[in-house]
Amino acid sequence: MTQWLVLSVIFVPWLGALLLALSSDRAPRLQHLVASAFAVVTGLLSLCLLPLVTERTVVSVAAGSVFGNFTFVPDGLSVFLTVIAAVIGCLAVIFSIDYMHGEAQLGRYYSLVLLFIGSMTGMVLTSSMLLLFFFWEMMAFCSYALISFYNDDPKAVAGGMKALIMTQTGGVGLLAGALIAYSFLGTYDIQTFLAYAHRLPEFALSIMAFGFLIGAAAKSAQVPFHTWLPGAMEAPTPISALIHAATMVNAGVYLLARFYPAFAAVPGWTTAVVVVGVLSAFLGAVMAITASDLKRTLAYSTISQLGYMVYAVGVGAVYASQFHLMSHAVFKALLFLGAGAVIHAVGTRDMRQMGGLGQKMPFVRNVFIIGTLALAGLPFVNGFWSKELVLEEGLAHGPLWAYILMVLGAGLTAAYSLRMVYMVFYGTAKKEHHVHDAPAAMRTALAPLALGTLVTWLLAGWLSELLTGSLPYHLSHLHAPGTVELIVDVLTAPATLVAIVVIAAGLLAWWYRDLFASLSKAAALPAAMAGADFGFEWLNRVIVGSTLLAGSVLRLTQTGHLSWNALGIAGGAIAVLGLLVWGS
Amino acid sequence: MYYSNAILTLVVTPLLSAPLIYLIGRLFMRTGRAGAASNASQLASLLALAGTWKAYIDIVLQFNRSSATALRYITGSVPLQVDGLSILLAGLALTLGTLVVIYSRMYMRNEDGEEKYYAMLVAMTGAMIGLACAADLFNLWVWFEVMALTSYLLVAFYREQKASLEAGVKYLVQSAAGSSLVLLAIALVFMETGTLDLYRIGASAVGTPLMLAAGALFVAGFGVKAALVPFHTWLPDAHAQAPSGISAMLSGVVIEAGLVALLRAISALMAVTLSWGVLLMIFGALNMLVGNLIALKQTQVKRLLAFSSLSHVGYMVMGLGIALHAGTAAGATGGVFHLINHGLMKGLAFLAVGALLYALHIAKGSHNPLTISDLAGAAKRYPLATLALSIAVLGLGGLPPLAGFMSKWQILVAGVQANNRLIFYLVIFAALNSVLSLGYYAPIVNAVYRQKPSAAVLNGSSLPLSMQVPMVLLLLAVVVLGLWPGLVQWLTDPAGNAIMATFGGY
C-alpha cells in the first residue's frame, strides 16, 4: 500500500505530464481540466501518505551495475515536503486556469508543471543519492524550461539559461559528493550513509559536505549563487510561486537538513552554512528594499527568507528550519499568487506604475496583507512563530554577530514588506488601470493559502511528531517542541522582544522615511551596490564572457586550410610519441 | 562449429549485397517509373540488413556472456573474432544502419545516384561489422579502409555542391594521411614482432623505440577517424555537409568505430608503455573542452552537433582511460555505455535535424544550411521532429531521465572510484563540461518552442512517415535507457570486460 502511494505521487503527475505533452493545444479547456485533475489527485495522494510515515525503505528496485538500488523512504521529512510540493503545486495549477487563460502552448506549460511536481516529490522521497541527483536535475530542467516559457522574449530565454547553468554548476558539488559516498560505501543509500559517514576519511567527508553546500546554495539561491533567482521572475507568475518560492528552492535547505547529522562534525562546515545563510538573509533584504519590480522584490525576499532557513540549519536547529520552511512556503506562495493576480490585472510588474489598487481589488489586497504580515514576522501569523524560533535558536546556539545581522535583516524585511504593500495597494494611482478583482479560480487558490498563513503555526507540534518519529539519525539534533510549548517558548524568549522592537523600528523607519531624507545621500552608495547586486552579477558576466571568448579564440584553430590541419595531425603525433616515451 | 557460419554470414552479407543493391537499383531505373529505383534499392538494402540481423542474433544467442574469451574463427588466412566489444559495435552499426535506410526513403528521393547511396550505406555498415570482428592488424586496417572509402563517397554525395565537395576532399586527404600512418605503424610492429595477430603481438611486445613509434602512429592514424583533438579538423565539415542520415551514421557510429580500431591496435601494444591510460584521459579532457567551447559559437545546427561529437568522444576516451589507468572494468563499461547512448542520441539528433532540414530547405530544392534561427517556432508545425531534437540534445547534455545522464554517471563513478586526486579533478572537469554543453544545447530547445515562426518554418513542407518512424524508435530508446540503464547491461558489461581482457586481462 505505502509503496504504491509513494510511486503514485511521482508517476501520477508524470502520467499527466505525458498526456498533456501529447494533447492538442486546440482544446485549452480540456487541458486546464486535465491538468487540474492530475494536480488535485496528486495533492490528495500526498495527504494520504501522512499517516503512513515510516523510516523503512518501502520501494527498492535493483538498477544493476553501478546504479545501485533505486530506493524510496517516506519518512517525516520526505512526506512533509511531498505534501508541500503536491498541495501548493495543486493550488498553483488551479490558479493557472485564470492566469494562463488564452495563452498559447498550454500543453507544454502544464506538462512541465506536472513533470516538476513529480520530480520534486521524487527528490524528497528517494533515499538513493543517485536518484536524488536525478530528480534534482529534472527539477532544474523544468525550472529552466518554465522560466523560458515565453521563448520569444530574450529576457525570458536569458533568465532560463542563467538559472539552468548556475544551478547545474552548483549541482556538480552534489554529484561529486554522491560519487564519493558511493566509492567509499558501495551504496547510494542515504540512511546507510548517515549511519556510516564517520567511516569515511576526513578529507572525503569534507569534500562531500562542502560539495553539498555548494549544490544547496545554488539551488536555494543563496549567496554567491543567488543571481539566477531575480532573472527567473520572467516565468509565468504561478511558476514563480510554485517553483521559485514555495518548493524547488527549498531543495537546498532540504539537502542541508537531510545530511546535517553526517556533516555537523566536519570542521568549518556549520560556520560556512551560517555565513551563507546570514549573507543571503541580509543582502537579500537590502536588495529587496531597493527593487522596484514587484516580482523581483519578492524574489529577493525569497533569497533572504531561505537564508533564515539555511542559517537555522547552520546553528543546528533543523526543526526550526523546517518549521520556517513550512510557513514560508505557504505565505510566499500566497504573496506570489497575489502578485500574479495584480500583475494579471494591471499588466505590469513595476510597482512604480501601481498604487491605489486596494480599493479596486479588495480580496487580493486582504490576502496579500495577510501574507505580508507573515513575511514581516508580525504576531500572530505563521511567519512570526517560525522566524522567532529561528532567531531564538540562533541566539542560543550560533555566533552573536550572525544573530545581530539576522535581527537587522528582520527589521529590513518589515520595512520592505510595508513598502511593497503601500506601493501596490495604497497611495494614489499612477496610471488609469481598468482592473478587476481576482476571478474565481484565482480566489480558489488564494483563499486556502491565506487561511494557511493564519493557522499553520498551530501545526508546530504535529510537525515535531512527524519529524522525531521517523528520523533516527536526526534525533539528537531535533529540538522539536510541541505547539503549546512553542507558544510559551517564543512568547517568553528575550529574543522575541528584541526582534519585535527591531521589526517595529523597521516599519517606523519606512513610514517616516521623509524624516531620514537627509540620510538618503549616505544611503545612496549601499543602494547603488544593492542595485548592482553587490558585484555578483558582474562576476557572472566575467565568467560567461571569458568562456565565450575562449570559444571564439579556439574557433581560430578551425582554419579550414588543409595544410594547417595536416600540421595538427603531425604535431599531435609527435606529442603523443613524447607522452608514450615518458611512460615507458 | 555452428557459430562460425553465423560469423561469416554476419561479416560477408552486407558487403556482398552492396553491389547487388546497386545493380538492382540500376535495373529498376531502366523501367523509367518514378521512384522505382529508389524503392527497389531501399527494399534490397533492408533485405540485406535483415539477413545480417539474423546472423547477428544467432551470434548473440551463442555468445557466452559470462566469459571474457572471444569466439574465434579463421577462414583461410583471415582470422575473425567476436567478443563483447564486437557485439556492441556491430549491434550499434546495424541498428543505426537499418534506421537510416528507412529514414532515407524520402530524404534521398529525387537525388541523383540514389542506388549508390544505399549500396554504400550497406557496405559501410558491413565494413564496421568487419572491423569489429577483425583479429589481426592487417585485416583491421583493411576493414578500416573499406569503411573510410564508403564514407568518402557518402560525405561528398551532393557532388554538385561546392561545400560538399570541399568537405569530401578534406576528409579524404586527412583520413588518407591517418591511414598511411596506421600502415606505417603496422609495418613497424611486424618488423619488431614478426606477427600481425593481435594476441601474439601482445605476448611479445616490449617498449623498444620502434614499438613506441608504432604506438604513436596508431594513435594519430586512428585518432583522425576517432576525431581526437587535434586530429579532428576534418570532422565539422564532413558531418555538416553529408546527407543527414549519413551524418547520423558518421557521428553515431563511424567515429566510434575508429575508436574501437584504435583500442584494438593499442591493446596489442599494452606492455609497451605505462601511459596509455593517461594519454586517453588527456585526449578526453582536450576533446571535451575544445568540442564544447567551439560548439558554443556555432549557428548552424549540423556544425554545432558535429562539434558536440568531439566532446562526447572525450567522455568515451575518458572512461576508457580511467579503466586502463586504474585497471578496473568500470570505466570501460561506462565508456562503451556512452558509446551506445551517444550513437542513439546523436543519431536521433541528426535524424531530427535532417527531417527539419528536409522540410525547410531540401524539399524546396535548396542546399542552404539549417541555422538555429531557422528553427524558430518549428514546434507548432513539426511537433515530433522538434520533440525528438529537444530530447536528443538534452540527453546529450546529460539531463535525466535521458540515456546520456546514466552513461556519464557511470564514467564519473569509475573516475571517483579510481581514488586518485588528479582523476577526481578530471571528473569535476567533465561534469562542468557537461554543464557548459547545455549552454549550446538549450538554446536549440528554446528556439524550436518559440511562438513566432521563422520564414523558413512558415514555408516548410510536411514530414513523411518514413522519417518519423526511426525518430520515434530512437526517442523511446533514449528515454527508456535513461529510466532503466540496466537494459543494455548485457551489451556493456561483456564489452567492458572484453576491453580489459584484451588489455592484458586484469
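A few remarks follow.
- Qualifying lysines (Cα of each under 28 Å from Cα of residue B:54; at least 8 residues distant if same chain): B:116, B:346
- Between residue A:7 and residue B:466, the simple label model (points 7 Å from Cα in the Cβ direction) yields a spacing of 4.2 nm.
- Net charge, residue A:172 excluded, C-beta distance under 15 Å - Lys, Arg +1, Asp, Glu -1: +1
- The range B:393-506, relative contact order in percent, only Cα pairs under 8 angstrom and at least six apart counted: 37 percent
- Charge dipole magnitude, Cβ of K and R +1, D and E -1 - chain B, Cα centre, debye nearest 20: 1080 debye
- Taking a point 7 Å out from the Cα of residue A:21 in the direction of its Cβ, the residues of the range A:77-117 whose backbone N falls within less than 17 Å of it are A:105-117.
- Theoretical gain in end-to-end length, residue A:582 to residue A:501 [0.36 nm per residue, Cα-Cα removed]: 22.1 nm
- Between the alpha-carbon centres of the range B:360-392 and the range A:114-138 there is a gap of 32 Å.
- Label-point separation, residue B:191 to residue A:101 (7 Å along Cα→Cβ), nm: 8.5 nm
- Total charge dipole magnitude, the protein assembly as shown, about the Cα centre, Cβ charges on Lys, Arg, Asp, Glu only, Debye to nearest 20: 1860 debye
- Relative contact order [Cα under 8 Å, 6+ residues apart], the range B:274-506, whole percent: 28 percent
- Per-residue ellipticity at 222 nm, computed for chain B from helices alone with -39500 (n - 2.57) per DSSP H run of at least four residues, works out to -25500 deg cm²/dmol.
- Cα centroid separation, the range A:182-234 to the range A:297-345 (Å): 21 Å
- Residue A:485 versus residue A:359: modelled label distance in nm, points set 7 Å from Cα along the beta carbon direction: 5.2 nm
- Formal net charge of residues neighbouring residue A:562 (Cβ-Cβ distance under 13 Å; K, R +1; D, E -1): -1
- Counting Cα-Cα pairs of the range B:274-506 in 10 Å increments starting at 0 gives whole-percent bin shares of 9, 33, 31, 18, 8, 2.
- Rounded to the nearest 20, the Cβ-based charge dipole of the range B:274-506 about its Cα centre (Lys and Arg +1, Asp and Glu -1) stands at 620 debye.
- For residue B:353, net neighbour charge (Lys/Arg +1, Asp/Glu -1) across residues whose Cβ lies under 12 Å away: +2
- Here the alpha carbons of chain A define both size measures, Rg and Dmax, at 24.4, 84 Å.
- When the charge dipole of the protein assembly as shown is built from unit charges on Cβ atoms (+1 for Lys and Arg, -1 for Asp and Glu) and taken about the Cα centre, the candidate among A:353, A:115, A:549 whose Cα reaches farthest toward its positive end is A:353.
- Comparing B:332, B:321, B:435 along the charge dipole axis of the range B:274-506, the residue lying farthest to the positive side is B:435, per the Cβ-charge model.
- Flagged links, alpha-carbon separation over 27 Å, of A:295/A:430; B:162/B:452; A:155/B:452; B:302/B:380: B:162/B:452
- With the convex hull drawn over the C-alpha atoms of the range A:388-542, the volume per residue is 237 Å³.
- Cα centroid separation, the range A:384-423 to the range B:409-433 (Å): 41 Å
- Calculated FRET efficiency, residue A:60 to residue A:451, Cβ-Cβ distance, R0 = 30 Å: about 0.20 to the nearest 0.05.
- Relative pair counts by distance (%), Cα atoms of the protein assembly as shown, 10 Å bins: 2, 11, 19, 22, 18, 13, 9, 5, 1, 0, 0
- Relative contact order of chain B: 16 percent, from C-alpha pairs under 8 Å at least 6 residues apart in sequence.
- Using a 1.4 Å probe over protein heavy atoms, the accessible area lost on pairing A with B, summed over both chains, comes to approximately 5700 Å².
- Taken one residue at a time, the phi angles of the range A:399-411 give Karplus couplings (6.51, -1.76, 1.60, θ = phi - 60°) of x, 5, 4, 5, 4, 4, 5, 5, 5, 4, x, 5, x Hz. Gly and Pro are set to x.
- Plainly put, the range A:539-583 has a radius of gyration that is 1.22 times its Kirkwood radius, both from alpha-carbon atoms, as the Rg/Rh ratio.
- Förster radius 51 Å - calculated FRET efficiency between residue A:422 and residue A:546, Cβ distance, rounded to 0.05: 0.75
- Residues within the reach of a label modelled at residue B:452 (point 7 angstrom out along Cα to beta-carbon, backbone nitrogen below 17 Å), restricted to the range B:357-389, are B:372-380.
- Column: log10 I(q)/I(0), Debye, Cα scatterers of the range A:67-182, q = 0.16 Å⁻¹: -0.84
- Rounded to the nearest 10 Å², the accessible area of residue B:381 at probe 1.4 Å: 110 Å²
- Dipole of chain B [Lys/Arg +1, Asp/Glu -1 at C-beta], most positive-end residue of B:168, B:52, B:221: B:168
- A straight chain from residue B:367 to residue B:161 at 0.36 nm per residue would run longer than the Cα-Cα distance by 73.4 nm.
- Stretch gain in nm, segment residue B:422-residue B:206, where the contour uses 0.36 nm per residue and the Cα spacing is subtracted: 75.0 nm
- FRET efficiency for the pair residue A:475 and residue A:538, taken as 1/(1 + (r/R0)^6) with r the Cβ-Cβ distance and R0 = 41 Å, rounds to 0.35.
- In Å², nearest 10: area of residue A:207 left accessible to a 1.4 Å probe: 60 Å²
- Mean projected area (nm²) of the alpha-carbon convex hull when the range B:313-444 is viewed from all directions: 8.3 nm²
The values are calculated or read from the model by the stated rules, or taken from the named source; none is laboratory data. Note that this is a predicted model, so its numbers are computed, not measured. For neighbour counting, all protein chains shown are included, and Cβ atoms are generated from backbone atoms with ideal geometry for every residue, glycine included. Just the protein is used for accessible areas: all its heavy atoms, side chains included, with ligands, DNA and RNA removed. Shrake-Rupley method; radii C 1.70, N 1.55, O 1.52, S 1.80 Å.
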